[in-house]
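Notes follow once the structure below has been shown.
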Amino acid sequence: MVGRSRIERPEMSTRGTMEAVSTETGRHVLEVHARLIRRRGILVAAMAVLTLLAILLDLTTGPSGMGISELWMVLSDHENTTRAMQVIFWNVRLPIAMMAVLVGAALSLAGAEMQTVLDNPLASPFTLGVSSAASLGASLAIILGLGLPLVPPHMIVAGNAFVFALGSVLLLQYLARGGGGIETLVLFGIALVFTFNALVALVQFMASADALQQLVFWSMGNLGSASWETVAALGVVTVLLFPFSLGASWKMTALRLGEERASSFGVDVARLRFFSLLRVSLLAATAVAFVGTVGFIGLVGPHIARLLVGEDHRFLLPASLCSGALVMSLASVASKMLVPGMLLPVGIVTSLVGLPVFFILIHRRRRRP
């Protein structure tokens, strides 16, 4: 008995040591994970603060020359504030600044979801024909005067663009419902892009010079037509859809591991993809309907967020929303400063910024083994 106890004691001691080491290792892993979570949260908060600063910069720039001192006078209701200063701030600069933030947030959030469900880092909200369909709807309103019934005259273009953009995604879902996976979805999307572009070209061929100029200007992306009515509409859509995107964040994180792995975790991939594309279409269609085609925000914004916070969609989606808002707000500032005394279409500015990033992403993708 004595000899047996002497043999068992070292085994018990070894087992206890291994358990202690395992506990210590687990505690260390949890501490590292907690630090990572805090770091990501701080980064998202920092991006939100930078966005607020960009909004302030946007409010203090413009052809009128009204700077930060005049802005403070308007906000503090100073006695020296003129009627013109109040109109410029409340009816022009603030709606444009808020629309820039909301458009950037909506397109970047839509882009993050699109890149995940298509498993393609080069995807954007316009990959599957949303922009082309919106352009077709706008061209029918601008050139042919065709619009939806009971829609106010000043909202015909936006209403047509929204309905056509949303209808394109529903049509895509109908065409791809027989299965085939991501490849079938993308192929149908490309086919729709060419079809809508051909129809737009046909409508342009029949257009007068004035109508054609209006359509071209709309397609460049313009924040100058922003109003409190359009800001409120896009704000409501973004605020209502973001909780649903965030609620599906863990499923989308699992989807980044592959469809088979996500299915093994209990994720209904087809259902997830359908509702994600529905959110993408609503966000992109509403944004495009009010400001026209604004390219590359839905591509650049999610990649900036991914570089900062990684693939965890609990942080990637809020970070994408903030990064898109920040980039779009800075693009709004640049559109007013590049050519003094003139407001450039913001779509031109975002394309100039997004093209280099797009080429870099293609180059990195080609270098992968």
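Quick check on residue 325: is it part of a helix (DSSP H, G or I), at negative phi and in contact with a Ser or Thr (Cβ under 6 Å, 6 or more places away or on another chain)? Write out each step before concluding.
Details: part of a helix (DSSP H, G or I): yes; at negative phi: yes; in contact with a Ser or Thr (Cβ under 6 Å, 6 or more places away or on another chain): yes.
Criteria met by residue 325.
Can you tell me which residues in the range 328-346 are over 11 Å from the mean Cα position of the chain (by Cα), of a type in the set (A, V, I, L, M, F, W, C) and assigned to a helix (DSSP H, G or I)?
Applying the first criterion (over 11 Å from the mean Cα position of the chain (by Cα)) to the range 328-346 yields 329-346.
Next cut, of a type in the set (A, V, I, L, M, F, W, C) only: 330-331, 333-334, 337-339, 342-344, 346.
The answer is 330, 331, 333, 334, 337, 346.
For the condition more than 19 Å from residue 195 (Cα to Cα) and not polar (S, T, N, Q), what is the one hit in 118, 128?
Working: 128 fails: more than 19 Å from residue 195 (Cα to Cα).
Sole residue among the options that is more than 19 Å from residue 195 (Cα to Cα) and not polar (S, T, N, Q): 118.
Identify all residues within the range 296-317 that are of a type in the set (A, V, I, L, M) and surrounded by fewer than 24 Cβ atoms within 10 Å (Cβ to Cβ); write none if there are none. If you could, list the steps in order and put the result at the bottom.
Going residue by residue through the range 296-317, those that are of a type in the set (A, V, I, L, M) are 297, 299-300, 304-305, 307-309, 316-317.
The answer is 304, 307, 308.
Among (1) at pLDDT 90 or above; (2) surrounded by 22 or more Cβ atoms within 10 Å (Cβ to Cβ); (3) within 30 Å of residue 348 (Cβ to Cβ), there is one condition residue 242 misses while meeting the rest; what is its number?
Every listed condition holds for residue 242 apart from (2).
Hey, can you tell me all the residues within the range 195-242 that are out of contact with any Phe, Trp or Tyr (no Cβ under 8 Å at 6 or more places or on another chain), in a helix (DSSP H, G or I) and closer than 18 Å to residue 96 by Cβ?
Of everything in the range 195-242, those that are out of contact with any Phe, Trp or Tyr (no Cβ under 8 Å at 6 or more places or on another chain), in a helix (DSSP H, G or I) and closer than 18 Å to residue 96 by Cβ turn out to be 217, 218, 228, 229, 231, 232, 235, 238.
Restricting the first residue to the range 245-256 and requiring it to be of a type in the set (Val, Ile, Thr), which pairs with a second residue that is buried (at least 20 other Cβ atoms within 10 Å of the Cβ) meet a Cβ separation below 6 Å and a spacing of at least six or different chains?
Listed pairs, sorted by first residue: 253/313.
Exactly one of these conditions fails for residue 325: (1) surrounded by 17 or more Cβ atoms within 10 Å (Cβ to Cβ); (2) in contact with a Leu (Cβ under 7 Å, 6 or more places away or on another chain); (3) aliphatic (A, V, I, L, M); (4) closer than 22 Å to residue 53 by Cα. Give me its number.
(2)
Do we find that residue 140 is over 25 Å from residue 311 (Cβ atoms) and either at pLDDT 95 or above or among the basic types (Lys, Arg) (or both) in this structure?
On the way: over 25 Å from residue 311 (Cβ atoms): yes; either at pLDDT 95 or above or among the basic types (Lys, Arg) (or both): no.
Spelling it out, it is not the case that residue 140 is over 25 Å from residue 311 (Cβ atoms) and either at pLDDT 95 or above or among the basic types (Lys, Arg) (or both).
Name the residues in the range 104-153 that are of a type in the set (S, T, N, Q), under 26 Å from residue 270 (Cα atoms) and part of a helix (DSSP H, G or I), would you?
Here is the first cut: in the range 104-153, the ones of a type in the set (S, T, N, Q) are 108, 115-116, 120, 124, 127, 131-132, 135, 139.
So of that shortlist, the ones also under 26 Å from residue 270 (Cα atoms) come out as 108, 115-116, 120, 124, 127, 131-132.
Correct list: 108, 115, 116, 131, 132.
Residues of the range 141-194 being among the hydroxyl-bearing types (Ser, Thr, Tyr) and in contact (Cβ under 8 Å) with a residue 24 or more places away in the chain, which ones?
Taking the range 141-194 and keeping what is among the hydroxyl-bearing types (Ser, Thr, Tyr), we get 168, 174, 184.
Answer for the range 141-194, where residues must be among the hydroxyl-bearing types (Ser, Thr, Tyr) and in contact (Cβ under 8 Å) with a residue 24 or more places away in the chain: just 168.
Within the range 173-188, take every residue that is over 20 Å from the mean Cα position of the chain (by Cα), under 18 Å from residue 269 (Cβ atoms) and aliphatic (A, V, I, L, M) and give me the one that is modelled with the lowest pLDDT.
176
Quick one: residue 165 ticks every box in (1) within 22 Å of residue 200 (Cα to Cα); (2) touching a Phe, Trp or Tyr at 6+ places or on another chain (Cβ under 8 Å); (3) in a helix (DSSP H, G or I) except a single one, so which number is it?
(2)
Looking at residue 275, is it at pLDDT 95 or above and among the aromatic types (Phe, Trp, Tyr)?
Working: at pLDDT 95 or above: no; among the aromatic types (Phe, Trp, Tyr): yes.
Taking the combined requirement at face value, the residue does not satisfy it.
The values are calculated or read from the model by the stated rules, or taken from the named source; none is laboratory data. Since the structure is predicted, the reported quantities are computational estimates derived from the model, not experimental observations. Cβ coordinates were reconstructed from backbone atoms using ideal geometry, including for glycine residues, and neighbour counts include every protein chain displayed.
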